[in-house]
Amino acid sequence: MAKHTIVKLPGDGIGKTVLEEAIRVLEAAGFDAEYIEGDIGWEFWKKEGNPLPQRTIDLIEKHKTALFGAITSKPKDAANEELAPEHQGKGLVYSSPIVGLRQHFGLDICQRPCKTYKGNPLNFIRSDGKGGIEEPVIDAVIFRQNTEGLYGGVEWSNPPDDVYASLMTHPKFKKNFGNVPRDEISVSTRIFTKKATERILRAAFEHAKKYGYKSVTVCEKPNVIRETSGMMYAMAKEIQKADYPEIELWNTNIDAQMMWLTKTPENYGVIVSGNMFGDIVSDGFAGLIGGLGFACSAQINPDSGIGVFEPTHGSAPKYAEFDPPITNPIAMMASACMMLDHIDEGDIAMRVRKAIAEVISEGKVRTYDMMKLKGSPDVVKQGAASTHQMTDAVIEKL
C-alpha cells in the first residue's frame, strides 16, 4: 500500500501535460504515492454543466492533498455557447472551479514563492549605474488571501431592488451614480473579514520567522481603499508589535510596488496582500525569475490540512495540441515540491529542487521560453527542449 494518496487534477490544456511530467519526476525521486484522478475543468462544464463535480470535491475531502494542472475559463456568453444542448437555457452560470475549490475548502492561505534560479537566461538584470549590468538575487514569497476580496464572487449587474436601495444610502454612490440608469450599473464587492485577514497576516509573519526573512511587506492601497486595505495594514501593525517585533513591517501601495519591482526587487522578502493585489504582485515577481514557466503556488487550509498545489500559468490550449509538447514543466514540478513540503516529505522536495537548479545552471537543456523563442511547433527543431526532454534532464540529475 502506498504511503500517500494524491488526487491529481489535470484540468485543461497544458495542465494535462505538465502534471504527468511532474508525477514522472516524483516517481523518479522515490516518492511513494498512489494517484487518483479527479474530474475538473472545461470538458465537464460542457458535458455536465458543472466544471467541479461533487465527486471531485468528495475525493479531495477524503484524501486532503491535490496536484492541479491548469484551468480554462471563458466569458459568460462564450461559456454558455459551449454547453451541451441539453444543458442550455437552464440558467447555468460558469464559475472557475479553482476558485470554487478555494472557497469550498477554505483554502485561504495562498503562498507563491519567487526565487532566482542561478543561470536562468530569463533572470532580471538591470544597469549597475557604471555602464555595466547586474543581476540581483530575488527571493520573495507572496502570501495572497485566497477566498475574499474581489474574488469573493459577490457582484451584480443591474442590481436588484434591495441591493440598489442599500447602495443609495451611501452618499458617494448617490452623488456619483444616483442618476445612472440601474441597468447600466455593474457592482463587484471587495470584502475583507478580520478572521481571514489575521490568518493570512500570521501565515506571512510565521513564514518570515521560520525562514529568516527580515521583513514582511503589506502590499495594498490603504490611502484610497481605506476600509479594506486600511484594515489589513492596521491589523498587521498590531500583530507585528505584539508577536513579531524582530521582523520589520513595511507598507507599500500596489502601484508603487510594481515600480519598485524593477528597481530593488532584492529588498523584499515576504509580501502579503488581498486577493487581487496578491495576484498582480506575484505575477510581477514571477516575471523577474523567468516568467510563469517558473511560478508555483500552494493553497492551504491550515485547520483541515487540505492543500491544492498548482502552477500559476493558465491552460494555454493552443500549446496543448503541439506534438511534441513544448511547455516548460518547471512550475508544475516546483508546485509538486511545495506539496512534498506540506506532507512532510521535505527531503524529497530538496532533492527535486536541487536537480531542477542543476539543469538550469548547466544550461544544456532549455525550453523555448528559456531560449526566448516564440511558442510554435517548430521550436524543438531550433534547439529548444520539449517538455519531455526537460523532465528527462531533471530525472537524470536525480
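A few remarks follow.
- The single condition from (1) outside the structural domain of S282 (by TED's automatic domain parsing); (2) in contact with a Gly (Cβ under 8 Å, 6 or more places away or on another chain); (3) among the small types (G, A, S) that A208 fails is (1).
- Residues being within 20 Å of the chain's Cα centre (by Cα) and either outside the structural domain of E27 (by TED's automatic domain parsing) or at pLDDT 95 or above (or both) - total across the range 309-355: 22
- Residue match in the range 210-230 (condition: touching a helix residue (DSSP H, G or I) at 6+ places or on another chain (Cβ under 7 Å), part of a helix (DSSP H, G or I), more than 14 Å from G269 (Cβ to Cβ) and modelled with pLDDT of 95 or more): no
Listed here are the residues, each with its yes/no results for (1) of a type in the set (V, I, T); (2) buried (at least 21 other Cβ atoms within 10 Å of the Cβ).
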{"residue": "I271", "(1), (2)": "yes, yes"}
{"residue": "G278", "(1), (2)": "no, yes"}
{"residue": "D283", "(1), (2)": "no, no"}
{"residue": "F294", "(1), (2)": "no, yes"}
{"residue": "P324", "(1), (2)": "no, no"}
{"residue": "Y368", "(1), (2)": "no, yes"}
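- Tally of residues being out of contact with any Phe, Trp or Tyr (no Cβ under 6 Å at 6 or more places or on another chain), within 18 Å of I109 (Cβ to Cβ) and buried (at least 18 other Cβ atoms within 10 Å of the Cβ) across the range 302-322: 4
- Single residue of E61, E34 found to be more than 18 Å from the chain's Cα centre (by Cα), among the acidic types (D, E), over 19 Å from D341 (Cβ atoms) and part of a strand (DSSP E or B): E34
- S215 being surrounded by 18 or more Cβ atoms within 10 Å (Cβ to Cβ) and outside the structural domain of T367 (by TED's automatic domain parsing): no
- Filter result (out of contact with any Asp or Glu (no Cβ under 8 Å at 6 or more places or on another chain), charged (D, E, K, R) and either surrounded by 21 or more Cβ atoms within 10 Å (Cβ to Cβ) or assigned to a helix (DSSP H, G or I) (or both)) within the range 112-161: R112, D161
- Taking the criterion of being over 24 Å from the mean Cα position of the chain (by Cα) and surrounded by 12 or more Cβ atoms within 10 Å (Cβ to Cβ), the residues of the range 372-382 that qualify are L373, S376, P377, D378, V379, V380.
- Odd one out for D283 among (1) more than 28 Å from K8 (Cβ to Cβ); (2) charged (D, E, K, R); (3) assigned to a helix (DSSP H, G or I): (1)
- Test: residue in the range 21-28 that is crowded, with 20+ Cβ neighbours inside 10 Å, part of a loop (DSSP other than H, G, I, E, B), out of contact with any Phe, Trp or Tyr (no Cβ under 7 Å at 6 or more places or on another chain) and at pLDDT 95 or above: no
- Scanning the range 162-191 for residues that are of a type in the set (K, R) and surrounded by 10 or more Cβ atoms within 10 Å (Cβ to Cβ) gives K174, R182, R190.
- Condition met for T17 (of a type in the set (S, T, N, Q), crowded, with 22+ Cβ neighbours inside 10 Å and under 15 Å from M332 (Cα atoms)): yes
The values are calculated or read from the model by the stated rules, or taken from the named source; none is laboratory data. Model, not experiment: these values are computed from the prediction. Positions of Cβ are generated from backbone atoms using ideal geometry, with glycine treated the same way; all protein chains shown enter the neighbour counts.
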